[in-house]
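The values are calculated or read from the model by the stated rules, or taken from the named source; none is laboratory data. All values derive from a computational prediction rather than experimental measurement. Ideal geometry is used to build each Cβ from the backbone, glycine not excepted, and the neighbour counts take in all protein chains shown.
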Amino acid sequence: MEGLSAASRAALADADSIFGGPRHLDLVAAGSRGKEWPVPFRTEPVLAEKGRKTVVLASGDPFWHGAGGSLAPYLAPDEWVAHPAPSTFSLAASRLGWRLETVICLGLHAAPFERLVPVLARDVQIICLVRDGAAVSALAAWLSGHGFGPSRLTVLESLGGPSERVRNATADHFAIDDAAYPVAVAIEAQGEAGLPRASGLPDALFVSDGVMTKRPVRALTLSALGPRPGEVLWDLGSGTGSIAVEWCLAASGATAQALENRADRAANVTANAAAFGLTHRVTVTEADWPLALATLPRPDAVFIGGGANSGGIDTLWATIPEGTRLVVNAVTIESEALLAACHAAKGGTLMRVEIAEAAPLGRMRGWLPSRPVVQWSVVR
């Protein structure tokens with residue numbers, strides 16, 4: 001209670017009902033007015049209290065990985081007021097002496113550790129909220145298994161309270177097995193170089209049956225698609241989902257709808273999204289894409305990696321809104337002819353890409369050409 005403002009204490013004293021976790025309710029001595037959050041979490045019990053004086057207890061800042069963002073959309077501006085306190089991230093940074101504006105802050109209490117994949121790199125500072133004490137050891141093991149064993153970890157428990165505890169270890173020699181919730185882990189990353197952020201990741205990073213947009217062509221394709229923060233991509237005939245994955249990695253909050261009609265390849269798309277920590281941003285649908293367009297959210301860009309034909313492109317063209325960026329790649333003579341006709345009718349840019357790599361040729365080396373790729377890009 002000593003950590004709350006006078007306004008917060010006054011609201012608690014006047015409340016008819018008080019929502020919070022068991023720990024929160026105990027700390028404010030809520031008594032018979034206390035109501036525990038439902039498990040799994042739902043906002044309906046709070047919203048049902050409209051018209052009564054109701055207090056919601058949330059750790060620190062309720063609008064940073066907190067309940068405030070879940071409740072506010074369902075309430076009018078004059079129906080609620082927030083009294084934020086220092087967030088766990090702020091308290092952790094103040095213990096560590098870290099500049100919070102340069103720190104990556106993640107809520108991993110209800111998300112997989114793979115969310116770290118896009119941001120892990122040497123010397124990066126990360127503060128993670130984790131579910132419980134067991135998750136602390138699991139995080140250390142995950143970091144070690146992904147090449148970041150030398151990373152320095154700081155385990156921060158019950159920050160700002162009388163039972164606060166701060167301890168240090170490295171991920172590969174982690175022996176803290178009694179961490180207690182609420183707990184956060186600060187990571188000073190050491191080990192692997194991390195994931196490159198330029199378009200065109202190594203092909204070996206993706207689960208594939210061998211049919212995928214290869215690295216150089218993928219880089220050119222992402223350049224043509226032009227991902228921007230918060231935009232939506234349709235990845236049609238997704239194959240491995242490499243375009244969808246790199247689209248999401250390229251821009252904050254960007255999402256992708258990946259459509260693939262083969263079950264085995266749809267499974268590969270799902271696996272690749274999970275490996276890069278992007279299951280919350282890549283939606284995989286097993287379907288023939290010309291038949292499923294009406295079910296998708298409005299796109300900002302569309303990539304056709306497979307299944308292109310004149311009927312499908314005509315259907316797509318009639319479906320997508322003006323301003324949508326469209327990129328189509330072709331490797332067969334027939335699909336090249338289709339794209340040439342589309343370019344003649346609808347404009348845009350038609351580009352032929354021929355790439356060769358050095359390979360052994362007897363005792364010397366020679367150029368081993370890849371299949372040429374024709375790329376049509378256009379704005380609807």
Within the range 198-214, how many residues turn out to be buried (at least 21 other Cβ atoms within 10 Å of the Cβ) and either over 19 Å from the mean Cα position of the chain (by Cα) or of a type in the set (G, A, S) (or both)? 2
Within the range 31-62, track down each residue that is in contact (Cβ under 8 Å) with a residue 24 or more places away in the chain and either hydroxyl-bearing (S, T, Y) or under 19 Å from L4 (Cα atoms) (or both). T43, K53, T54, V55, V56, L57, A58, S59, G60, D61
Residues that are over 21 Å from A224 (Cα atoms) and out of contact with any Ser or Thr (no Cβ under 6 Å at 6 or more places or on another chain): does the range 324-339 have at least one? yes
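Residue by residue, here is whether (1) in contact with a Cys (Cβ under 9 Å, 6 or more places away or on another chain); (2) part of a loop (DSSP other than H, G, I, E, B) holds:
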residue: A29; (1), (2): no, yes
residue: P40; (1), (2): no, yes
residue: K50; (1), (2): no, yes
residue: S59; (1), (2): no, yes
residue: H65; (1), (2): yes, yes
residue: G69; (1), (2): no, no
residue: P86; (1), (2): no, yes
residue: L106; (1), (2): yes, no
residue: V119; (1), (2): no, yes
Looking at R131, R122, R115, R95, can you tell me which residue is without any contact (Cβ under 8 Å) to a residue 60 or more places away in the chain and outside the structural domain of P40 (by TED's automatic domain parsing)? R131
Could you tell me how many of the residues in the range 215-235 are more than 15 Å from P299 (Cβ to Cβ), over 19 Å from the mean Cα position of the chain (by Cα) and surrounded by 17 or more Cβ atoms within 10 Å (Cβ to Cβ)? 5
Reported set for the range 328-380 where residues are at pLDDT 95 or above, charged (D, E, K, R) and assigned to a strand (DSSP E or B) is R352, R365
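Residues checked against (1) assigned to a loop (DSSP other than H, G, I, E, B); (2) among the β-branched types (V, I, T); (3) over 25 Å from the mean Cα position of the chain (by Cα); (4) outside the structural domain of E246 (by TED's automatic domain parsing):
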{"position": "V155", "(1), (2), (3), (4)": "no, yes, no, yes"}
{"position": "S163", "(1), (2), (3), (4)": "yes, no, yes, yes"}
{"position": "N168", "(1), (2), (3), (4)": "no, no, yes, yes"}
{"position": "L195", "(1), (2), (3), (4)": "yes, no, no, yes"}
Return the residue satisfying two criteria in turn: it lies in the range 88-104 and is among the small types (G, A, S), outside any loop (DSSP other than H, G, I, E, B) and out of contact with any strand residue (DSSP E or B) (no Cβ under 6 Å at 6 or more places or on another chain), and of such residues it is surrounded by the most Cβ atoms within 10 Å (Cβ to Cβ). A93
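Conditions tested, residue by residue: (1) among the polar types (S, T, N, Q); (2) in contact (Cβ under 8 Å) with a residue 60 or more places away in the chain; (3) crowded, with 18+ Cβ neighbours inside 10 Å; (4) closer than 30 Å to V28 by Cβ.
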site	(1), (2), (3), (4)
L108	no, no, yes, yes
R152	no, no, no, no
L159	no, yes, yes, yes
E164	no, no, no, yes
P196	no, no, no, no
Expected single match for of a type in the set (G, A, S), under 23 Å from G230 (Cα atoms) and assigned to a helix (DSSP H, G or I) among A271, A318 is A271
Six or more apart or on different chains, Cβ atoms under 8 Å: show the pairs whose first residue is in the range 342-371 and of a type in the set (K, R) and whose second is surrounded by 11 or more Cβ atoms within 10 Å (Cβ to Cβ). K346/W317; K346/V378; R352/P372; R352/V373; R352/V374; R352/Q375; R371/V331
Give the number of residues within the range 188-218 that are within 30 Å of L156 (Cβ to Cβ) and of a type outside the set (D, E). 7
So which residues in the range 212-245 are part of a loop (DSSP other than H, G, I, E, B) and free of Cβ contacts under 8 Å to residues at least 40 places away in the same chain? M212, P229, G230, T240
Could you please find all residues in the range 159-172 being touching a helix residue (DSSP H, G or I) at 6+ places or on another chain (Cβ under 9 Å) and among the polar types (S, T, N, Q)? T170
E334 being under 24 Å from A219 (Cβ atoms), assigned by TED's automatic domain parsing to the domain that holds D235 and among the acidic types (D, E): no
So which residues in the range 327-354 are surrounded by fewer than 15 Cβ atoms within 10 Å (Cβ to Cβ) and touching a Leu at 6+ places or on another chain (Cβ under 6 Å), if there are any at all? none
